[in-house]
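Read-outs: derived from the displayed coordinates by stated rules, not from any lab. Keep in mind the model is a prediction, meaning the values are calculated, not measured. Here the Cβ is made from the backbone with ideal geometry for all residues, glycine too, and neighbour counts use every protein chain on show.
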Amino acid sequence: MMPGMSGLTPSVRPFLPGGSGAAATRDLETIPQARPREVLRLDDGAKVTLEATPVRRTIRGRTFVMYGFNRQYPGPLIQVAQGATITVDFRNGLDMPSAIHWHGVRLDNRFDGTPGVTQDPVAPGASFTYRVHFKDAGLYWYHPHVREDIQQDLGLYGNMLVDPASRDYYGPANRQEIWMLDDLLTTEDGRALIPYGAEQPTHALMGRFGNVFLVNGEPDRRLRVRRGEVVRFFFTNVSNTRLYNLSFGGAPMKVVGSDVGKFEHEAWVTSIVLAPAERYIVDVQFTEGGVTALTNRVQSLDHARGNFFAESHTLATIDVGGGTGAAGGDAVAAAVAPAIAPGGSEDYSKSFRTLRRNVDVVADIDRFRSQFARAVDRTLVMTLRTRDLPAPVAGMLLGPTVPVDWNDGMPMENWMVSGREAAWILREPETGRENMDVTWTFAKGDVVKLRFVNDATSPHPMSHPIHIHGQRFLVLARNGVANEHLVWKDTTIIAAGETVDVLLELSNPGRWMLHCHIAEHLGTGMMTVFEVRDSGETAR
């Protein structure tokens, strides 16, 4: 704790679902116990209901009131064929407004689930019907776009797995695992959740880092595989702010795809960095018997002492050679594998050792290569504005601007700063406009080159995962260095001090959000809206 911090608290009231005190204890038994997620394999034209309600979760022997879709953790895994359209009846059983955003899906704008942009918030007890069309194969996810710092963090999220039209879209694998990575912030003894801010988000500087790691809502995730198996992992980062640096010990890893489909070229990696809201598809072959861990290995910062230190968290353990199924009674992998990959006990070592060149992706991107060297059309600078900070926090931010990304190096200071004291900014340098005052209008069919500049002189420089709704883009360059591993994205990380150029294909008309996907940064205003007009008029 920095000097002078003792006794300081956030300027907003604390909030936890279920309230507190004796009445909350009595009412706890009336809240249903959550259960593991189910697979909803849906045909074109199917209808489904998703209801958001409070649920009871027991994590490492402690019971918490959290939220869930259909009383599940995560929410149901929706599995559909590429090109399918489904109808989703969303029912809000919470005591606050909500909605569902279909992250990464290029769907009809009116069903994007963005309150204040595409729809009104769904009031408690009310409902809203979405029609979701799945244009692209790959992995997507759904979550609220109202107080994400609370609702998403408490468990309102789920995956959508879109089966490709071609059976050989991916290389062969023995099985597939669809894993959502999260972290939950509890008291040091693990007995209670740290409260959220009622009127505004707390943890508004760094975002809310958790101290309990969850894979598909569970700590201590375990998986059993046969030696030599090739396992395809579909990873989604649903944490409020945490970046992960993932590896499987010495097991070889091959990156296959990301947000909106496959890479042009597969690549060998020793780890993958997964930002909030990003997805990566990774093939791993487990050739050595014994226990292998999925770890998050990072370099953390102790801001009070001014030193960095190595930190490693075990997110899951894989027992190689210890059986033929997923431990813990998880039926999801078994349910989805037959429809996605050949599976079985075949030896896929030869195909795994081959780095595929995906000619279909190459041909798709070829249509845009002539635009790579064009001038930048629009620029956004990322920075921070503060006011009325407690003196110890203000003094700390006047010190050396050390980028902070991998951990919360100043938990007391971060906790007490709310959206009342901090505003994260997307600024257009040409006009000086910020956040929702930025006015961009384009025409359907436009291709636009955007530049994101993460101000290293900001009072609190850190990475920002930028998400663009309803469209897809290519990351062309970072700090002027061309990106040689192209894949269509909807979210990408902009590191502190970094300049990133992306090529945005505007194929989907409507009003769409562009924002930082750190929940607390979005909650302090780090967002803007652009319009894509369904006409041939000139963009402005």
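What the table below lists for this structure:
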{"read-out": "Under the Karplus curve 6.51 cos²θ - 1.76 cosθ + 1.60, θ = phi - 60°, whole-Hz ³J(HN,Hα) for region 129-134, x wherever Gly or Pro sits", "value": "9, 10, 10, 10, 9, 9"}
{"read-out": "Anchor residue 489: lysines whose Cα lies under 25 Å away (excluding residues fewer than 8 positions away in-chain)", "value": "135, 254, 262, 444, 449"}
{"read-out": "Per-residue HN-Hα couplings for region 512-528 [Karplus 6.51, -1.76, 1.60; θ = phi - 60°; Hz; x = Gly/Pro]", "value": "10, 8, 10, 7, 6, 9, 6, 4, 6, 6, 4, x, 9, x, 7, 7, 8"}
{"read-out": "Kirkwood-based shape ratio for the chain, expressed as Rg/Rh from alpha carbons", "value": "0.94"}
{"read-out": "Alpha-carbon centroids, region 145-181 and region 92-138: separation in whole Å", "value": "17 Å"}
{"read-out": "Long-range HN-HN contacts of residue 211 with modeled amide H, under 5 Å", "value": "184, 185, 186"}
{"read-out": "Share antiparallel - DSSP beta bridges, the chain, percent rounded to 5", "value": "75 percent"}
{"read-out": "Amide H within-cut-off set for residue 49, under 5 Å, with H built and near neighbours excluded", "value": "89"}
{"read-out": "For residue 240, distant residues with modelled amide H under 5 Å away", "value": "183"}
{"read-out": "Packing-based exposure ordering (other Cβ within 10 Å, fewest first) of 484, 278", "value": "484, 278"}
{"read-out": "Karplus 3J(HN,Hα) series, Hz, for region 405-411 with 6.51 cos²θ - 1.76 cosθ + 1.60 (x for Gly, Pro)", "value": "9, 8, 7, 8, x, 8, x"}
{"read-out": "Two-decimal Rg to Rh for region 369-533 - Kirkwood Rh, Cα set", "value": "0.99"}
